[in-house]
Amino acid sequence: MSFSSKLHIPLAAALLAGAGAVAACGSGGSGGPAPSAAPSWAKALGAGVTVTSGNASPGDGSPGGSLLGALASAKAGDFAKFCSYIPPSQQAGCNSTLSGVPAASLKTEMPTYKNVVVTYTAIDGNEALVGVTGTICDPNQTPSCISNSDPAAFFDSGKPFPTLWSESIANSSSYTPVPMTKVNGKWYVYQGSN
C-alpha cells in the first residue's frame, strides 16, 4: 500500500462528470468568501468554535495554509516538505516510505489539485476543519477526483463541530472539510491516531 492511500484529504461534495482524470488536476487558485461577520450557521457548531473565512497561503501558519502547503509540496514532488505537513509522530514513517520512491513515481502517487481555495475554517481547540472549493485528486482513492463548489458545504448542516469532525474523518468518498490537528502550536493534516 502506498503512503498516499493513507493520506486523509477528503475534499469533494458533488462529483463532476468532467473531473475524473488525475491528469486534469493542476495548480491552485485564490479567493474565497470575503471576510465578514460570522455566518449564520456558525453558532450551530457550538460554543468556543471559531470560524474564519477568506484566503490562506501555503505555510502561513493557519490550518488552511498548512493544507495548501501539503498540496503544493505534493504537486512539486517534494516528499520531505510534504511529510513536514504530517503530524510529527508520523513524519519518520512518511519520510521512510517516500524517500525510496523515484521522483517521477512520487508525483504520480501524490494528491493533485485544481483551483483549490480555502473558504471557511472551523477551529475547536487543537482540531480544525478546513472547507475548500475546487478539486482534489488522489489516484489511490475511488473516485479519484472529488470537487466542491459550495463555500459553506458541510458547515451549514446545523450539526455541532464534534459531529462534523467525526463525519469528516469517516468519509473520503464525498465532500467533507479536511481535518487538521494542532501539535505544539503548528497545524498538520490529520492522519488518525497512531
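The values are calculated or read from the model by the stated rules, or taken from the named source; none is laboratory data. Here the structure is a predicted model, which means the values were calculated and not measured. When we count neighbours, we look across all protein chains shown, and the Cβ atoms used for this are built from the backbone with ideal geometry, even at glycine.
How many of the residues in the range 124-133 are within 12 Å of Leu164 (Cβ to Cβ) and surrounded by fewer than 24 Cβ atoms within 10 Å (Cβ to Cβ)?
2
Name, by its number, the condition in (1) among the small types (Gly, Ala, Ser); (2) touching a Lys or Arg at 6+ places or on another chain (Cβ under 9 Å); (3) more than 16 Å from Tyr120 (Cβ to Cβ); (4) at pLDDT 80 or above that does not hold for Ser66.
Only one criterion in (1) among the small types (Gly, Ala, Ser); (2) touching a Lys or Arg at 6+ places or on another chain (Cβ under 9 Å); (3) more than 16 Å from Tyr120 (Cβ to Cβ); (4) at pLDDT 80 or above is unmet by Ser66, namely (3).
For the list (1) over 19 Å from Ile86 (Cβ atoms); (2) in a strand (DSSP E or B); (3) more than 13 Å from the chain's Cα centre (by Cα), I need the number of the one condition that Asp150 fails.
Asp150 satisfies all of (1) over 19 Å from Ile86 (Cβ atoms); (2) in a strand (DSSP E or B); (3) more than 13 Å from the chain's Cα centre (by Cα) except (2).
Mind checking which residues of the range 134-152 are surrounded by fewer than 24 Cβ atoms within 10 Å (Cβ to Cβ), in contact (Cβ under 8 Å) with a residue 60 or more places away in the chain and either under 15 Å from Ser40 (Cβ atoms) or out of contact with any strand residue (DSSP E or B) (no Cβ under 7 Å at 6 or more places or on another chain) (or both)?
Pro139, Asn140, Gln141, Pro143, Asp150, Pro151, Ala152
Is there a residue in the range 88-106 that is in contact with a strand residue (DSSP E or B) (Cβ under 8 Å, 6 or more places away or on another chain) and surrounded by 15 or more Cβ atoms within 10 Å (Cβ to Cβ)?
No, that holds for no residue.
Could you please give the count of residues in the range 74-112 that are under 20 Å from Thr181 (Cα atoms) and part of a loop (DSSP other than H, G, I, E, B)?
Result for the range 74-112: 5.
Considering every residue within the range 57-74, establish whether at least one is in contact with a Pro (Cβ under 7 Å, 6 or more places away or on another chain), on the phi > 0 side of the Ramachandran plot, touching a residue at least 12 places away in the same chain (Cβ under 8 Å) and surrounded by fewer than 20 Cβ atoms within 10 Å (Cβ to Cβ).
Within the range 57-74, not a single residue is in contact with a Pro (Cβ under 7 Å, 6 or more places away or on another chain), on the phi > 0 side of the Ramachandran plot, touching a residue at least 12 places away in the same chain (Cβ under 8 Å) and surrounded by fewer than 20 Cβ atoms within 10 Å (Cβ to Cβ).
For Ser168, indicate whether it is touching a residue at least 12 places away in the same chain (Cβ under 8 Å), of a type in the set (Ser, Thr, Tyr), on the phi < 0 side of the Ramachandran plot and part of a strand (DSSP E or B).
Here the answer is no, as Ser168 does not meet what is asked.
Return the residues of the range 153-188 that are of a type in the set (A, V, I, L, M) and surrounded by 18 or more Cβ atoms within 10 Å (Cβ to Cβ); say none if nothing qualifies.
Residues satisfying the conditions are Ala153, Leu164, Val178, Met180.
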